[in-house]
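First comes the structure, then the notes that go with it.
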Amino acid sequence: MRALVLVAAVLAMAGCMEVEQTATPSKLGKYQGKPDTMPWNNSPLAAGPQWKQGDRTSWEEQIKKRQLAQHEDRRINQ
Amino acid sequence: MARMKFLCDAERCIECNGCVTACKQEHEVPWGVNRRRVVTINDGVIGAEKSISVACMHCSDAPCMAVCPVDCFYRTDDGVVLHDKDLCIGCGYCFYACPFGAPQFPQAGAFGLRGKMDKCTFCAGGPEPDKSEAEFKKYGRNRLAEGKLPACAEMCSTKALLGGDGDVIADIYRERVTRRGKGSEVWGWGTAYGPGQKGATPPAPAGAPASPAVQKGKS
């Protein structure tokens, strides 16, 4: 009986899963094409925004700064 | 994890078409293909004219992705919807499915031949090696790989068009609306959850302090 409840719970939770559509090399989902590379794996341009190559967090931090620069009040007071 | 989105502030857009020009120039988009365009309603009517800049909205549950018969669409880790042009057969299903008219088809020749689909890439290129010539020719420049945001949003003179992580740009827009005390009736909380009438005062989100617009409405 307990096993039956466990199986039912697992099946019920499986219904809440999000369909994977991300083209990462490890999880391709339904996508049939070539896998894409990640932007943070590129080396930054010499005269552009800087981040540590391969480090997603540092890339996200610098792109967030750029996003916040779209807010003129914050840009003026920076 | 970021979910890259565009947001256009109809109160600020002045229909300059600078975003359209920036996109065409940045990606060397061919004649007849417009990845981005400015839509104006009530053109010429004083006080009622509104413009917004429209391109691919990089939907979280993209209809183009759902209907594609060859499954050439994919979503990156940043939530950008891209496609593989080597797989695309140019059938046009995505064009019919898209509520924004984002997919574009090159018109070559007198009989309007339908080529492979082309659309806004959020300046994220495609499934070719980043910053390669092949990527530029097929999909345009990959600005995300250079640590930059889409050219259209970054050069918008009035900052009507915002691009970036949905949470961040929604915060910027919310702060703007709170400061100026109007604009939330166009879309946003009031339209989605409020009474749904034009000009109605939107209810404040649960737990948030009432905006100046709400306070003004109460007085």
Study note, to complete from the structure: Exactly one of B:Val70, B:Val33 is farther than 18 Å from B:Ala160 by Cα, assigned to a loop (DSSP other than H, G, I, E, B) and under 17 Å from the mean Cα position of the chain (by Cα), and that one is B:Val33
Point to revise | Verdict on B:Ala124 being of a type in the set (A, V, I, L, M, F, W, C) and modelled with pLDDT of 95 or more | key: yes
Check your understanding: Right, B:Pro99: away from chain A (no Cβ under 11 Å) and farther than 30 Å from A:Glu72 by Cα or not?
Key -> yes
Review point. Quick one: how many residues across segment B:54-77 are within 30 Å of B:Glu11 (Cβ to Cβ) and touching a Phe, Trp or Tyr at 6+ places or on another chain (Cβ under 8 Å)?
Key: 7
Practice item. Give me the pairs, please: first residue somewhere in segment A:37-48 and facing chain B (nearest Cβ under 7 Å) and within 17 Å of B:Gly125 (Cα to Cα), second residue anywhere and among the hydroxyl-bearing types (Ser, Thr, Tyr) and surrounded by 18 or more Cβ atoms within 10 Å (Cβ to Cβ), beta-carbon distance under 9 Å, and either six or more positions apart or on two chains. Key: A:Met38/B:Thr76; A:Pro39/B:Thr76
Study note, to complete from the structure: Within segment B:135-160, of all residues that are part of a helix (DSSP H, G or I) and touching an Asp or Glu at 6+ places or on another chain (Cβ under 6 Å), the one farthest from B:Ile14 (Cα to Cα) is B:Glu135
Point to revise | Subset of segment A:10-41 (residues that are modelled with pLDDT of 85 or more and either hydrophobic (A, V, I, L, M, F, W, C) or farther than 20 Å from B:Lys138 by Cβ (or both)) | key: A:Met38, A:Trp40
Check your understanding: Take the residues of segment A:49-78 that are out of contact with any helix residue (DSSP H, G or I) (no Cβ under 7 Å at 6 or more places or on another chain) and facing chain B (nearest Cβ under 9 Å): which is surrounded by the most Cβ atoms within 10 Å (Cβ to Cβ)?
Key -> A:Ile63
Practice item. Scan segment B:97-107 and give yes if some residue there is part of a strand (DSSP E or B) and modelled with pLDDT under 95, otherwise no. Key: yes
Practice item. Test A:Gln53 against the criterion of being within 18 Å of the chain's Cα centre (by Cα), not in a helix (DSSP H, G or I) and not basic (Lys, Arg), and give yes or no. Key: yes
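Going through B:Gly79, B:Gly163 one at a time, which residue ends up being under 18 Å from B:Ser60 (Cα atoms), within 16 Å of the chain's Cα centre (by Cα) and outside any loop (DSSP other than H, G, I, E, B)?
Testing whether each residue is under 18 Å from B:Ser60 (Cα atoms), within 16 Å of the chain's Cα centre (by Cα) and outside any loop (DSSP other than H, G, I, E, B) leaves just B:Gly163.
The values are calculated or read from the model by the stated rules, or taken from the named source; none is laboratory data. Small disclaimer: the values here were computed from a predicted structure and weren't measured. In this analysis, Cβ positions are derived from the backbone assuming ideal geometry, glycine residues included, and neighbour counts consider all displayed protein chains.
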